[in-house]
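What follows is a set of notes on a single structure, which appears directly below.
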Amino acid sequence: MAVTTSGHLPAQAEHGQSQLPWYIRDLYKYLLAFAGLTAIYIGLRLYQGAYGVLAGLDSTEPAFQTYWMRLFHVELIFLALVYPALWGYLWLSRDHNLDEIAAKEELTRYFTLTMWISIYTFAVYWAGSYFAEQDNSWHQVAIRDTPFTANHIIVFYFCFPMYILLGGSAWLYARTRLPLYAKQISLPLTLAVLGPFMILVSVGFNEWGHTFWFREEFFAVPLHYGFVAGVWFSLAVGGILLQAVNRMIELLDKIEDMP
Amino acid sequence: MATTNLFDFPPQPYTGEKARLTRAFDYLILVLALFLFIGAFHLHMALTVGDWDFWLDWKDRQWWPLVTPLMAITFPAAVQSVMWTHFRLPLGATLCVSCLLIGMWITRIFAYHYWNYFPINVVLPATLMPSALVLDMILMLSNSLTVTSILGGMSFALLFYPSNWPIFAMFHTSVEYGNAQLTIADVFGFQYIRTGMPEYLRLIERGTLRTYGQYATPLSAFCSALLCTLMYPLWWHLGKWFATIRYVKTI
């Protein structure tokens with residue numbers, strides 16, 4: 001057992017005051033997270049539109065330092081604050097009474113875990129779909145004279161750490177609040193978080209290859225296959241779904257049905 | 001208590017709290033799956049098919065119909081192995097391809113067209129929707145991995161070129177340019193300079209297959225069909241392996 005017993009989470013006591021059905025009590029937080037992330041990602045894209053061509057074409061220009069390297073440093077500071085804050089919160093607020101958890105409460109937490117994973121996949125969308133392919137577009141018009149190009153600063157050093165943060169948060173949420181995940185380690189959940197994490201590590205190989213091997217932007221080449229193998233592991237989300245459904249069926253049998 | 005009555009006509013669906021709960025969970029999974037497959041499948045495609053799908057002048061008769069279906073049948077097979085086996089939902093391929101197209105279209109418009117001013121015609125994505133629909137249909141009708149691998153895999157590859165032909169045929173019209181016979185797609189490529197993708201990297205019509213003239217495309221398509229029949233079961237099993245429900249003691 002990964003956690004010990006000493007108290008209940010505050011959320012359990014608060015539930016009942018909301019107008020929402022008990023099983024989706026975290027819906028507003030979930031929607032708020034979507035809205036917040038959407039604002040951040042669209043804001044970054046608008047920033048690229050405003051300052052990409054203006055100051056992002058040549059890293060030796062002073063304007064590049066002002067508009068792009070400063071953004072890079074702001075991102076690092078933001079991530080350095082958010083990582084320990086979120087993961088620390090999830091760990092410190094863990095449930096110490098997992099052996100006594102009620103069926104309804106456990107069902108609710110499966111909904112919340114699904115919301116965490118959903119937010120994680122939303123971040124994967126921005127990192128793996130939009131900003132990743134936009135890299136190809138930008139490198140057709142900019143001089144690739146630095147690993148910190150106007151798109152790399154967003155995709156590699158913000159989007160990738162952001163989805164790792166959220167994937168890690170989903171893993172920690174499950175580990176600290178759901179009995180099955182606390183007793184043992186879920187293999188599919190771990191694969192779905194660790195595999196895409198390796199995409200960030202592949203950035204090192206990518207930049208090395210683009211420095212010493214070739215500077216062009218040819219996407220379908222072995223230099224990029226580290227990213228590809230990493231993203232295959234996201235298919236493990238199917239296993240998480242199956243684990244959740246199996247347990248939720250058991251839990252549903254334990255509660256009374258209501259009209 | 002919402003219960004179904006034997007004499008209800010038409011029969012009323014069960015609408016109790018447990019039904020609402022499971023429906024709410026379905027919606028959550030739908031949102032999750034939407035972004036998961038846009039993000040993951042799109043990245044997979046961008047880095048394996050990539051340039052053949054990004055650029056109009058890469059959509060040749062030889063590599064494009066070979067590489068695209070071969071790399072695109074992967075996620076559909078893996079997702080079908082979970083959705084069909086466990087939930088009897090015959091829509092794994094269509095779901096993956098729909099998500100892929102949403103992701104690609106958003107990127108082509110906002111990343112290529114609006115940011116870097118590539119005409120949208122230069123970066124039109126190919127469609128795989130007919131291939132995906134047929135793959136799902138064959139799995140549903142046959143309920144057989146073997147039949148779907150052979151018939152579905154072949155159909156997935158063979159349908160690719162004809163279903164894209166109405167979109168891209170006009171760009172294959174020949175033109176004379178600099179005393180050479182080119183296609184309109186070639187001219188697009190020369191006109192819109194790509195610093196990261198110079199002409200010497202363009203992998204089209206390499207080798208001697210083009211000496212077969214008009215047979216180059218069906219040859220590539222049938223080669224892809226053969227490879228897809230092998231790729232499909234491989235990724236079906238990969239999808240099954242990834243969708244493990246194991247818990248472990250240590251990692």
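Some points to look at:
- Subset tally (residues that are under 21 Å from the mean Cα position of the chain (by Cα), closer than 18 Å to B:TYR161 by Cβ and away from chain A (no Cβ under 14 Å)) for segment B:199-251: 13
- Residue that is nearest to A:GLU216 (Cα to Cα) [pool: residues in segment B:53-65 that are surrounded by fewer than 24 Cβ atoms within 10 Å (Cβ to Cβ) and within 12 Å of chain A (Cβ to nearest Cβ)]: B:TRP58
- Failed item, numbered, when B:LEU30 is tested on (1) aliphatic (A, V, I, L, M); (2) under 18 Å from A:ILE119 (Cβ atoms); (3) free of Cβ contacts under 8 Å to residues at least 12 places away in the same chain; (4) in contact with a helix residue (DSSP H, G or I) (Cβ under 7 Å, 6 or more places away or on another chain): (4)
Here's the yes/no breakdown for (1) at pLDDT 95 or above; (2) within 19 Å of the chain's Cα centre (by Cα); (3) among the hydrophobic types (A, V, I, L, M, F, W, C); (4) open to solvent by less than 80 Å² (accessible area, probe 1.4 Å):
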position	(1), (2), (3), (4)
A:TYR30	yes, yes, no, yes
A:THR38	yes, yes, no, yes
A:GLY49	yes, no, no, yes
A:MET69	yes, no, yes, yes
A:LEU79	yes, yes, yes, yes
A:LEU90	yes, yes, yes, yes
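- Considering residues of segment B:127-153 that are crowded, with 22+ Cβ neighbours inside 10 Å and aliphatic (A, V, I, L, M) only, the residue nearest to the chain's Cα centre (by Cα): B:LEU128
This table checks each residue for (1) part of a helix (DSSP H, G or I); (2) at the interface with chain B (Cβ under 10 Å from one of its Cβ atoms); (3) surrounded by fewer than 24 Cβ atoms within 10 Å (Cβ to Cβ).
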| position | (1), (2), (3) |
| --- | --- |
| A:ALA123 | yes, yes, no |
| A:ALA127 | yes, yes, no |
| A:ALA132 | yes, yes, no |
| A:ASN136 | yes, yes, no |
| A:ALA142 | no, yes, yes |
| A:THR149 | no, no, yes |
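- Residues that are of a type in the set (Lys, Arg) and at pLDDT 95 or above within segment B:213-251 comprise B:LYS240, B:ARG246, listed in sequence order.
- Residues (among the aromatic types (Phe, Trp, Tyr) and open to solvent by 60 Å² or more (accessible area, probe 1.4 Å)) located in segment B:154-169: B:TRP165
- Unmet criterion (only one of (1) touching a Gly at 6+ places or on another chain (Cβ under 9 Å); (2) over 20 Å from B:THR85 (Cα atoms)) for A:PRO188: (2)
- Criterion violated by B:PRO76 - all others in (1) crowded, with 23+ Cβ neighbours inside 10 Å; (2) more than 30 Å from A:GLN243 (Cα to Cα); (3) more than 10 Å from chain A (Cβ to nearest Cβ) satisfied: (2)
- Residue match in segment B:214-221 (condition: assigned to a helix (DSSP H, G or I), in contact with a strand residue (DSSP E or B) (Cβ under 9 Å, 6 or more places away or on another chain), free of Cβ contacts under 8 Å to residues at least 24 places away in the same chain and open to solvent by 50 Å² or more (accessible area, probe 1.4 Å)): no
- For A:TYR83, the requirement of being of a type in the set (Phe, Trp, Tyr), open to solvent by 80 Å² or more (accessible area, probe 1.4 Å) and either part of a helix (DSSP H, G or I) or modelled with pLDDT under 95 (or both) is not met.
- A Cβ distance below 8 Å, combined with a sequence gap of six or more or placement on separate chains, defines the contacts here; from segment A:79-103, residues that are in contact (Cβ under 8 Å) with a residue 24 or more places away in the chain and closer than 27 Å to A:ASN246 by Cβ reach residues that are of a type in the set (Gly, Ala, Ser) and surrounded by 11 or more Cβ atoms within 10 Å (Cβ to Cβ) in the pairs A:LEU90/A:SER169; A:LEU98/A:ALA182.
- Single residue of A:GLY128, A:GLY226 found to be under 23 Å from the mean Cα position of the chain (by Cα) and either free of Cβ contacts under 8 Å to residues at least 40 places away in the same chain or more than 30 Å from B:LEU56 (Cα to Cα) (or both): A:GLY226
- Within segment B:191-202, tally of residues that are open to solvent by 40 Å² or more (accessible area, probe 1.4 Å) and in contact (Cβ under 8 Å) with a residue 60 or more places away in the chain: 1
- In segment B:146-190, residue farthest from B:CYS223 (Cα to Cα) [restricted to those that are in contact with a Phe, Trp or Tyr (Cβ under 6 Å, 6 or more places away or on another chain) and of a type in the set (Val, Ile, Thr)]: B:VAL187
The values are calculated or read from the model by the stated rules, or taken from the named source; none is laboratory data. Values in this document were obtained by computation on a predicted structure and should not be read as measured data. FYI the Cβ positions are ideal-geometry reconstructions off the backbone, even for glycines, and counts take in every protein chain you see. Surface accessibility is based on the protein's heavy atoms, side chains included, excluding ligands, DNA and RNA. Shrake-Rupley method; radii C 1.70, N 1.55, O 1.52, S 1.80 Å.
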